[in-house]
Amino acid sequence: MPPPSTAAWRHQDTRAGFEVAYFQAVENGWHIDGYTSAWADGGTFAVEYAIELDTAWRTMGARIRGRSPAGPSSTVLATDGSGHWQVDGEPAPHLDGCFDIDLEASALTNALPVRRLELPAGAAAGAPAAWVRAVGLRVERLEQTYARTADEAGHQRYEYAAPALDFACRIVFDESGLALDYPGIAVRVA
């Protein structure tokens, strides 16, 4: 199913905050605008993002602006859709092979590999991502895996792992591929 026109998450546990995203179908895929404001690790941050996706939900580009007590920051990511990236106009070979952007400040961006991969129940895949940190917007490579388990009550369930972060959980997604329950991170409220 296509995503709704808007969705919202309450961030919890690792941070306190709120995120809202808006989806728009465009000629060559999707455009997503989103906003997060939160408090974590004794500090505040706000992140605004605009993500461009092709029809297969591969990230084609993103513009991210942030604000924290350290000051404002911004970054622009572009990719050719074949796993080659530029960060602020410069080649980023450390991101080669990534097809998704993952924003540390967002519960939304886990939907990108879920939608793109369309894994059947019982299948698993690696989905390395261009990971944008919440404070300072530094772009790193994040190795992550998604393993789809049996659906329950019409909801998709994935075992998610990011070994470098020593983090794993089971994320529950709705029929449009958006996270409903992301343990330790956020819960969908709208």
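The values are calculated or read from the model by the stated rules, or taken from the named source; none is laboratory data. In this text the structure is predicted, and so the values were computed from the model without any measurement. Using ideal geometry, Cβ is built from the backbone for each residue, glycine included, and neighbour counts are taken over all protein chains shown. We work out accessible area using only protein heavy atoms, side chains counted, and drop any ligands, DNA or RNA first. Shrake-Rupley method; radii C 1.70, N 1.55, O 1.52, S 1.80 Å.
Quick notes on this structure:
- Scanning region 81-101 for residues that are modelled with pLDDT under 95 and open to solvent by 70 Å² or more (accessible area, probe 1.4 Å) yields a count of 1.
- Filter result (part of a loop (DSSP other than H, G, I, E, B) and open to solvent by less than 50 Å² (accessible area, probe 1.4 Å)) within region 102-128: Ala105, Ser106, Ala107, Leu119, Ala123, Ala127, Pro128
- One residue from Gly81, Gly43 being small (Gly, Ala, Ser), at positive phi and more than 15 Å from the chain's Cα centre (by Cα): Gly81
- Checking each residue of region 12-24 against the condition of being assigned to a strand (DSSP E or B) and at pLDDT below 95 gives no match.
- If the condition is being assigned to a loop (DSSP other than H, G, I, E, B) and surrounded by 17 or more Cβ atoms within 10 Å (Cβ to Cβ), then region 138-182 contributes Gln144, Asp174, Gly177, Leu178.
- Selection status of Val47, in contact with a Lys or Arg (Cβ under 6 Å, 6 or more places away or on another chain), closer than 27 Å to Gly126 by Cα, at pLDDT 95 or above and not in a loop (DSSP other than H, G, I, E, B): no
- In region 24-37, the residues that are touching a Ser or Thr at 6+ places or on another chain (Cβ under 7 Å) and either closer than 21 Å to Ala190 by Cα or open to solvent by less than 20 Å² (accessible area, probe 1.4 Å) (or both): Gly29, Gly34, Thr36
- Any chance Ala21 is open to solvent by less than 40 Å² (accessible area, probe 1.4 Å), over 19 Å from Ser176 (Cα atoms) and among the aliphatic types (A, V, I, L, M): no
- Residue within region 99-111 that is farther than 17 Å from Ser37 by Cα and in contact with a His (Cβ under 8 Å, 6 or more places away or on another chain) present: no
- Qualifying residue in region 162-179 (condition: among the charged types (D, E, K, R), touching a Ser or Thr at 6+ places or on another chain (Cβ under 9 Å) and either at pLDDT below 95 or under 22 Å from Thr36 (Cβ atoms) (or both)): no
- Taken over region 47-73, the criterion of being within 17 Å of the chain's Cα centre (by Cα), open to solvent by 40 Å² or more (accessible area, probe 1.4 Å) and of a type in the set (Gly, Ala, Ser) is satisfied by Ala56 alone.
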